[in-house]
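Read-outs: derived from the displayed coordinates by stated rules, not from any lab. In this text the structure is predicted, and so the values were computed from the model without any measurement. Cβ coordinates were reconstructed from backbone atoms using ideal geometry, including for glycine residues, and neighbour counts include every protein chain displayed.
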Amino acid sequence: MDYQKTLTTARLTLRPPRPGDEDDLLAIHADPEVMRYFSETPWSDPERPARQIAQDAAAFAAREYFRFAIVLNETGRQIGNCTLRSLHWQNRRAEVGYALRRDYWGGGYMSEALRALLAFAFGELDLHRLEADIDPRNTGSTQCLERLGFQREGLLRERWIVGGEVHDSVLYGLLRREWAALTRSQ
């Protein structure tokens with residue numbers, strides 16, 4: 001049976017990707033500012049969103065990884081995505097990734113979406129540890145992760161080469177017990 005899951009927050013719905021999301025997905029990933037700190041260059045192939053949606057939907061249904069479309073309830077449009085990937089079920093860990101359309105930066109949307117994603121990861125999926133690998137120059141991402149309780153664990157020098165440019169990477173981690181303590185205190 002295919003696995004499907006939808007998460008809801010006050011302003012957002014997180015759902016599996018589906019046909020019809022192509023234009024919104026391209027608007028996110030074709031933007032050089034959004035992709036500035038990504039491990040790949042901005043999308044330029046107009047067929048890429050359809051391929052990505054098909055791949056992500058199949059992986060979601062098979063529980064290989066979970067890329068949720070972040071949909072703004074007010075408009076019904078996808079404004080970003082957030083992902084649990086590199087799932088290692090035996091050790092109950094995964095990596096977190098995310099992207100948000102630039103015109104929604106600074107509005108707390110990603111923090112809201114990631115809170116729902118973390119609750120899903122530590123709750124329903126019973127994960128023990130989550131990791132995030134980010135470019136240290138991405139201060140917005142750093143601040144978002146730290147607000148959610150992630151701890152900086154190390155610097156991986158010159159880890160990524162994207163578009164011919166070499167980038168460092170900072171590894172962040174969050175343990176289930178840290179998340180539980182943080183959510184109890186709020």
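Quick notes on this structure:
- Simple spin-label estimate for residue 131 and residue 156 gives 0.6 nm between the two label positions (7 Å along the Cα-to-Cβ direction from each Cα).
- Loop chymotrypsin sites (Phe, Trp or Tyr not before Pro), region 1-57 (other Cβ atoms within 10 Å of the site Cβ: 13 or fewer; DSSP): 3
- Stretch in the chain that is longest and holds no GluC sites (Glu not before Pro) that DSSP places in a loop and that have at most 16 other beta carbons within 10 Å: 125-186
- Only DSSP H runs of four or more residues enter the estimate; each adds -39500 (n - 2.57), and after division by the residues of the chain the mean residue ellipticity at 222 nm equals -9000 deg cm²/dmol.
- When the alpha carbon gyration tensor of the chain is reduced to an equivalent ellipsoid, its three semi-axes come out at 23, 21, 17 angstrom, largest first.
- Of 55, 90, 143, the one that fluctuates the most in a GNM where the chain has Cα springs shorter than 10 Å: 90
- Using alpha carbons only, the radius of gyration of region 1-91 set against its Kirkwood radius gives Rg/Rh = 0.97.
- Relative contact order [Cα under 8 Å, 6+ residues apart], region 58-175, whole percent: 18
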